[in-house]
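J.: Have a look at this one.
The values are calculated or read from the model by the stated rules, or taken from the named source; none is laboratory data. Since the structure is predicted, the reported quantities are computational estimates derived from the model, not experimental observations. Quick reminder, even Gly has a Cβ in these numbers, built from the backbone with ideal geometry, and neighbours come from all protein chains shown. Surface accessibility is based on the protein's heavy atoms, side chains included, excluding ligands, DNA and RNA. Shrake-Rupley method; radii C 1.70, N 1.55, O 1.52, S 1.80 Å.
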Amino acid sequence: MTSPRHTAEQLAAFIGDGETRFIAASYRDSDRAGELFVMPDGEAAMLRTFTRVNLRCLIDDCSAPDIIAVSRERRRDGFSHRAGGGAHAPESVNHLQGKAVLALWLRSQLPDWKVQVEGATDTQRSRVADVLATLPDGKRVAFEIQYAPLTVAEWRERHASYVSQGITDVWLWGHTRLHRSRSSHDPPVRLSDVQDEVRRAGLTVHWLNPDTAEVATAVTRLRSDHLVSIEDRFGEVVVQKLDELGLAPDGFTSGELSSIAALTGRWDAEKELGRVERERRQAEMAAQRQRRAAEQEAQRAMAIAPKPDRTVPTSRAPDGTRPCRVCGKPVAAFLASGMHIGCEPGFWTGPRPRR
């Protein structure tokens, strides 16, 4: 299993040092226009003559298109301009090289698939994928390598277009679009707004480094050895060589990614069960609160309701006597309580006398 690479040094290795190295070149032959040659690492010395005769800068309007093959000790082999050339925008170079590296990998891994660079999805060219792969059964997978800025609205429009055509879209953000977290209290990787929108849509967030031929995948660490698909804007990355990956109709696959997908499925199921249980408990607590409120309201209503007068009138008779407050019969005036001794509470143990 590939170890998650997420330390500051490892992230820096994937993001790079900001220098754009040429690893791809265009053919001089007009019959191969649009096709790029990717320098195999370690073979620059053998390809110097081939490069001088057959290859040129991959930027079409380069003012000094002649290039040479370069062997590098600490970096992969590639190309370099002769003096006075090569001042190209890194974003453009990385984007072109990303397409070349990905197309080369697809053709080597899946010879039965049709792979097109700048492949149109229909005859009207309503959508042109950076790399379009078509399975033998006709199913298509579009790869978008995104180095340029992209808004959430623009991504939604492109994604909806692919979905409407029945095409699986796999988004690979450029390695320079992998951002570190600003706070040491957060996980080391922070998604941009549009990358977070991809996550919310249920797609996997990937980055591509064409120079190292690596793909980084955003994950969330549940425990030391438990990784799931990234759950919010902060997480970690698993970095793998393209040669370690395979391709399924819904995107990249590998032993590591399959384990992450399986654990993500179980984790999502547990979260759903927890959500249902929480809602059940909340509903039960709400019902209890309603019952208590109704009981309290009933008690308040009883407390303020007027009570019926159950006392016997105590007006005095002409002879000075008054009726007992309990039985209603005449009571001697000297009985201050206004009731017979036998009618006082707690005295009489038998049936009360009837009035």
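J.: Give me the distance in nm between label points sitting 7 Å out from Cα along the Cα-to-Cβ direction at Ala45 and Arg221, one decimal.
T.: Roughly 4.1 nm, to one decimal.
J.: List the trypsin sites (Lys or Arg not before Pro) within the stretch 92-166 that fall in a DSSP loop (any state other than H, G, I, E or B) and whose Cβ has at most 10 other Cβ atoms within 10 Å.
T.: Arg125
J.: Same structure, new question: Assuming R0 = 56 Å, can you tell me the calculated FRET efficiency for the pair Leu335 and Ser164, based on Cβ-Cβ distance, to the nearest 0.05?
T.: It comes to 0.05.
J.: Let me ask something additional. Could you provide, to the nearest whole Å², the per residue accessible area of the chain with probe 1.4 Å?
T.: 58 Å²
J.: Averaged across orientations, what area in nm² does the convex hull of the alpha carbons in the stretch 1-98 project?
T.: 7.9 nm²
J.: Given labels modelled 7 Å from the Cα in the Cβ direction, how far is it in nm from Arg281 to Ser259?
T.: Going by the 7 Å Cα→Cβ label model, 3.2 nm.
J.: Same structure again: Apply the Debye scattering formula to the chain, with a single equal point scatterer on each alpha-carbon and no solvent, then give log10 I(q)/I(0) at q = 0.10, 0.12 Å⁻¹.
T.: So the normalised log intensities work out to -0.75, -0.97.
J.: Oh, and also: Kindly count the pairs of lysines across the chain whose alpha carbons are less than 23 Å apart, treating pairs on different chains or eight or more residues apart as eligible.
T.: 5
J.: Could I ask something else about it? Mind giving me the nanometre distance, one decimal, between the label points for Glu118 and Lys241, set 7 Å out from Cα along Cα→Cβ?
T.: A separation of 3.1 nm, rounded to one decimal place.
J.: Per Stokes-Einstein, at 25 °C and 0.890 mPa s, what whole-number D in µm² s⁻¹ belongs to the stretch 26-164, with the Kirkwood radius over Cα pairs as the hydrodynamic radius?
T.: The estimated diffusion coefficient comes to 146 µm²/s.
J.: So for the chain: antiparallel DSSP bridges make up what percent, rounded to the nearest 5? Write down the numbers at each step before the final one.
T.: Details: 43 of 52 bridges.
Close to 85 percent.
J.: What 222 nm value per residue comes from the helices of the chain, counting each DSSP H run with n ≥ 4 as -39,500 (n - 2.57) and dividing by all residues, nearest 500 deg cm²/dmol?
T.: Mean residue ellipticity at 222 nm (helix-derived): -10000 deg cm²/dmol.
J.: Which FRET efficiency, nearest 0.05, do Gln109 and Lys271 yield, Cβ-Cβ r, R0 41 Å?
T.: On the way: r = 34 Å, r/R0 = 0.84.
Here the calculated transfer efficiency is 0.75.
J.: Sticking with this one: Sorted by average packing, counted as other Cβ atoms within 10 angstrom per residue and highest first, what order do 202-211, 180-189, 274-283 take?
T.: Top to bottom by mean Cβ count within 10 Å: 202-211, 180-189, 274-283.
J.: Shifting gears a bit: By how many nm would the segment from Arg74 to Asp193 grow when fully extended, if each residue of separation counts as 0.36 nm and the alpha-carbon distance is taken off? Could the numbers behind the result be given before it?
T.: Working: separation 119, 0.36 × 119 = 42.84 nm, distance 3.48 nm.
Additional length available on full extension: 39.4 nm.
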